[in-house]
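The values are calculated or read from the model by the stated rules, or taken from the named source; none is laboratory data. Everything numeric in this text was worked out from a predicted model, so none of it was measured. Using ideal geometry, Cβ is built from the backbone for each residue, glycine included, and neighbour counts are taken over all protein chains shown.
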Amino acid sequence: MNSATPSIPGSIQGISFYTPPLTAILHARDGKVQIPYGDISIPLLEEDYSSLAGEEPSYDAIGRGIYHLLRHNPDLPMADRYAALLKEGYPHLLAELATNLMMLDKKDVDLPYLDRKINYLKIFSLLEPESHRFPLEIGATYLAKGLTLAAMGNVTILLYQSEKYLRTAFAMNPEDVQIRHQLGEICYLLGRYEEAADLWESVLQQLPEEISSRLNSRIKQIRTSELPPVPPVDFLQAVGVALEAYEAEDWEEAAAIIIDVIGALQQFDEFPLAEINYLLGLCYVRLGIPRYAEQYLRAALQLRPDFTEAAEELRNLGVE
């Protein structure tokens, strides 16, 4: 009789694990491919697991379970084996995943989309471990997430995650322009200024003029020791504290923290971020000081013209 007992290497909601017989074979691609899988537990959707009735799961059930598991946590043990099964037996699901990843690139940047994008990129990194492209994109996405206002309370953790993947990409292809650019950004934010300058100097001429001009300004500041008083990540983490105060309706405290951050960083062109001005504008909205609210919401829009939330708050104030 077939074994069908839960074996849970990692908890995923909606998933139970099936333990197959050692002789289990997956018949895929209209029977043209036979893949042994008896040595690993198979993730199944709970409805598929509960309907086994002592039988082996179907081809479709195995694909559904693996696809669901990898999309939700590609860092689980055995994820590389599950990804290999997906590649060998379910090319149509990989094509769907690639399409979803392309669609995510066209979405507005917010946390759910960034989290999905990271997971999808990790799946493709499992499938192509020799490619530097995927750790580069994972690192860049962690950086984008860390600079998102809603995630700024965890910015330090997210930047270190970004650094881990970017250094992996750098070890694979140290001359890649985008890798050096992105890793330099991480080093700068973490206060490793000299390393940032070294990474950027060799690629300035290969970057768009707007980016190279900004980086060149940073390099000059580094070489002349005109630097933020503490690593920029500390200021970003302070904004995360301000966000917590804002969410606790302590708007005066939130505004005071942000004003200190802006005061410390106002001489540096890339700071403050549009999100910092936006949050300060929201504080003044809640405090009933529309003149200041308008000032900082407009500053947010000047830094990021497509900042729709800031534009909406201005409309709510009766100004455009």
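Would you point out the residue of the range 186-207, among those that are within 20 Å of the chain's Cα centre (by Cα) and surrounded by fewer than 24 Cβ atoms within 10 Å (Cβ to Cβ), that is nearest to VAL230 (Cα to Cα)?
Checked the range 186-207; the qualifying residue nearest to VAL230 (Cα to Cα) is LEU190.
Any chance the range 236-254 includes a residue that's over 17 Å from GLY153 (Cα atoms), loosely packed, with under 15 Cβ neighbours inside 10 Å and either at pLDDT below 95 or touching a Gly at 6+ places or on another chain (Cβ under 6 Å) (or both)?
Looking for residues that are over 17 Å from GLY153 (Cα atoms), loosely packed, with under 15 Cβ neighbours inside 10 Å and either at pLDDT below 95 or touching a Gly at 6+ places or on another chain (Cβ under 6 Å) (or both), one finds none in the range 236-254, hence no.
Would you mind finding the one in ALA299, ALA274, ALA256 that is touching a Lys or Arg at 6+ places or on another chain (Cβ under 8 Å) and of a type in the set (A, V, I, L, M, F, W, C)?
After ruling out the rest, the residue left standing is ALA274.
Could you say which residue among ILE25, ILE15, ILE66, ILE40 is at pLDDT 95 or above and of a type in the set (A, V, I, L, M)?
ILE66
Yes/no matrix, rows are residues, columns are (1) in contact (Cβ under 8 Å) with a residue 40 or more places away in the chain; (2) part of a helix (DSSP H, G or I):
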{"position": "LEU44", "(1), (2)": "no, no"}
{"position": "LEU85", "(1), (2)": "yes, yes"}
{"position": "ASP115", "(1), (2)": "no, yes"}
{"position": "TYR120", "(1), (2)": "yes, yes"}
{"position": "GLY139", "(1), (2)": "yes, yes"}
{"position": "TYR142", "(1), (2)": "no, yes"}
{"position": "ALA151", "(1), (2)": "yes, yes"}
{"position": "THR156", "(1), (2)": "yes, yes"}
